[in-house]
Amino acid sequence: MTANLIWLIALGPLALGVTGLLVGHRKISAQAAVGWAIRFAGLVITVAFAVAFAVLLILGGPLRTETIGWRGAGFALFLDSLSTIMFLLVGFIGLIVLRYSRNYLDGDPGQGPFIRWLCFTLAAVLFVIVSGNLFQFFLAWVATSLSLHRLLLFYPERPNAVLAARKKFVASRFGDACLFAAMILIYRVFGSLDYAALFSGAAALRAAGAVPVALHAAAVFLVAAALLKSAQFPFHGWLTEVMETPTPVSALLHAGVINAGGFLVLRFAGLISLSVPSLDVMVLVGGATALFGSVVMLTQTSVKVSLAYSTIAQMGFMMLECGLGAFSAALLHIVAHALYKAHAFLSSGSVIDLARASWSPSPGGRPHTARTAVAVVAVLAMMTAIGALFGASVIRQPGVFALAAVLLLGLTHLMTQALDERPSLYVLSRVLMFAALVAATYFGLQGVMEQLTATSLPAVEPLRGPFDLAIIALAVLSFAAVTVLQSMLPGRSGNTRWLALYMHISNGLYVNTLANRLALRFWPNPPPRPSASAYGLELAKEPRA
């Protein structure tokens, strides 16, 4: 009976796929198709929520169907707390993006094809989430990339759009190759690709304390595929250049598709956590990407490019958390980031109005480095104290502790303003209370997420050794230095050395420039042509002389 209920989940992506096929029908307009997709997908997601509620609160464990295929490779569905949370998250954001696209592209001759590929992309992402075996996961993973590629080329006459799509295409193919290699190695180790066999086999290896070399290699390949999918340094440049596409694509990409790399790590966390080298790779690459993206983001003048670098940094944070064994914290990070980034992109057109409405006069204070350092120390001390109340520490939960420290550093500027020039005990106490509330909320939500995913994700790992401790200390100190640096920059706008540093950082240290030159050398753009629709609409013929 429960297996039959799980089959209802497949109706969600199938409804989106059928909608995509019907959009091009002559008798069905894009407007009507989007309305049909919203109603059907909304109904199915409601049913999915009911099934998820039964899984989490009544059955207390994962549900799966039998594989229609051969030796664990075929079509099957797997539903646990992890896939339930991600399915509802992507479905919710997808419905909003579809509804937004209905009006955003109203009257555009390419609206029908755009909606078609948007539905196909959403359907592929949902199948990635509920796949019951690694083979099906791989097929849906590739389908997501190919469908998204068509959306990125919605305006093929724009050279920057073509360049970004091609760089994304190349990075995705390398990621696909890594995932395929991991699939082959995993099959050789476990003799099956079915999730049940993989997870039980990983648990047996953990209990035995012996991990084959092939599994270490498979874990590294899985991590490499996730890093490439999540636009980690130095393969991040394409994510900052896909702004040539319509805004709904940016919202779906940054709030949904980009999280596929994180979901890959979380889905196979039981296997990846057996390999310390793969965890170290995520710690190093994720930490470096988080710092790089955060610093470059502060120098951008374009709203969407700044949001793109923010996404790169957030994906780096998420990889850092996974590398430190805080998988449930990484899932909480994905949920929060997806909801925030979808809203940020869909409302980016109103940013000027929002800035004007929220403008307030400067208090007249002059930032001081010493006061900023005091604020940083106060925030970190408060975070450590509140974390201890929730049982979190750098020894017991290093990943949770690292993210909490960076999160609370964002409140440093509020505290600095309360200390600068015109100190007010009332304002300072309010800022401290707000910081304490943010810290308590974060640790509380982390505890809830850890309980929800107790049967789906490995438990939060303690500190493994001096290497992880050094990485955490370096990450926290680096972001504390960035916080102090950010407060110093406005007062040094006339210094030529600071201006030169600012210029280099704003260009991303020219890493993406080198990538563009390399891409154009081996895959040059076609010569410019007149503007045309992305999907084969004919140009109006000019009258003969």
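The values are calculated or read from the model by the stated rules, or taken from the named source; none is laboratory data. A quick note: this is a predicted structure, and the numbers were derived from the prediction, not measured. Positions of Cβ are generated from backbone atoms using ideal geometry, with glycine treated the same way; all protein chains shown enter the neighbour counts. Quick note on the areas: whole protein, heavy atoms, side chains included, nothing else; ligands and nucleic acids left out. Shrake-Rupley method; radii C 1.70, N 1.55, O 1.52, S 1.80 Å.
Using a 1.4 Å probe and ignoring any ligands, DNA or RNA, find the accessible area of Tyr426 and quote it in Å² to the nearest 10.
140
Taking a point 7 angstrom from the Cα of Leu21 along the C-beta vector, which residues in the range 115-129 have backbone N less than 18 Å away?
Of the residues in the range 115-129, 115-127 have backbone N under 18 Å from the label point off Leu21.
Which FRET efficiency value, to the nearest 0.05, is calculated for Arg497 and Val335 with the Förster distance at 56 angstrom and r the Cβ-Cβ distance?
About 0.85, to the nearest 0.05.
Sorted by mean Cβ packing within 10 Å, highest first, what order do the peptides 191-200, 11-20 take?
Per-residue mean Cβ counts within 10 Å order the peptides as 11-20, 191-200.
For a quick protection proxy, order the peptides 220-227, 209-216 by their average other-Cβ count within 10 Å, most packed first.
220-227, 209-216
What are the ³J(HN,Hα) values, in whole Hz, obtained from phi via the Karplus relation 6.51 cos²θ - 1.76 cosθ + 1.60 with θ = phi - 60°, for each residue of the range 321-333 in sequence order, with x given for Gly and Pro?
Running phi through 6.51 cos²θ - 1.76 cosθ + 1.60 with θ = phi - 60° gives 4, 5, x, 8, x, 9, 5, 5, 5, 5, 5, 4, 5 Hz.
Relative contact order for the range 368-415 using alpha-carbon pairs under 8 Å, separation at least 6, rounded to a whole percent?
It comes to 49 percent, rounded to a whole number.
Ranked from the most accessible area to the least, with a 1.4 Å probe and all protein chains present, what is the order of Trp498, Trp7?
Largest accessible area first, the list is Trp7, Trp498.
Residue by residue through the range 266-275, which ³J(HN,Hα) values in whole Hz follow from phi under the Karplus form 6.51 cos²θ - 1.76 cosθ + 1.60 (θ = phi - 60°), with glycine and proline marked x?
5, 4, 10, 4, x, 7, 5, 5, 6, 10
Once you have the Cα-Cα distance between Ala454 and Leu139, take 0.36 nm times their residue separation minus that, and quote the gain in nm to one decimal.
The span from Ala454 to Leu139 would gain 110.6 nm if fully extended.
Please express the shape of the range 171-247 as an equivalent ellipsoid: the semi-axes are the square roots of 5 times the eigenvalues of the C-alpha gyration tensor, given largest first in whole angstrom.
Equivalent ellipsoid semi-axes, largest first: 32, 12, 11 Å.
Can you tell me the relative contact order of the range 216-298? Whole percent, Cα pairs under 8 Å, sequence separation 6 or more.
Once divided by the residue count of the range 216-298, the mean separation gives 47 percent.
How far apart, in nm, are the 7 Å Cα→Cβ label points at Ala473 and Ser429?
If labels sit at Ala473 and Ser429, their model points lie 3.8 nm apart.
Give the Kirkwood hydrodynamic radius (Å, one decimal) of the range 91-135, defined as one over the mean of 1/r across all pairs of different Cα atoms.
One decimal place: 11.6 Å for the Kirkwood radius.
Per residue, how much accessible area does the range 169-271 have with a 1.4 Å probe, in Å²?
Ligands and nucleic acids excluded, the figure is 29 Å² per residue.
Using heavy-atom solvent-accessible surface (probe 1.4 Å) with all chains present, what is the largest-first order of Arg267, Arg188, Arg396?
Largest accessible area first, the residues go Arg188, Arg396, Arg267.
Would you rank Val377, Val281, Val335 by solvent-accessible area, highest first, keeping every protein chain in place and using a 1.4 Å probe?
The most accessible residue leads, giving Val377, Val281, Val335.
What length, rounded to one decimal in nm, is gained on full extension from Ala203 through to His504, with 0.36 nm per residue of separation minus their alpha-carbon distance?
Computed gain between Ala203 and His504 is 103.6 nm.
Calculate one ³J(HN,Hα) per residue across the range 282-294 by plugging θ = phi - 60° into the Karplus curve 6.51 cos²θ - 1.76 cosθ + 1.60, and present them in order as whole Hz with x for glycine and proline.
Once rounded to whole Hz, the list reads 5, 5, 5, 5, x, x, 5, 5, 4, 5, 4, x, 5.
With a Förster radius of 45 Å, plug the Cβ-Cβ distance of Trp523 and Val374 into 1/(1 + (r/R0)^6) and report the FRET value to the nearest 0.05.
After rounding to 0.05, the efficiency reads 0.30.
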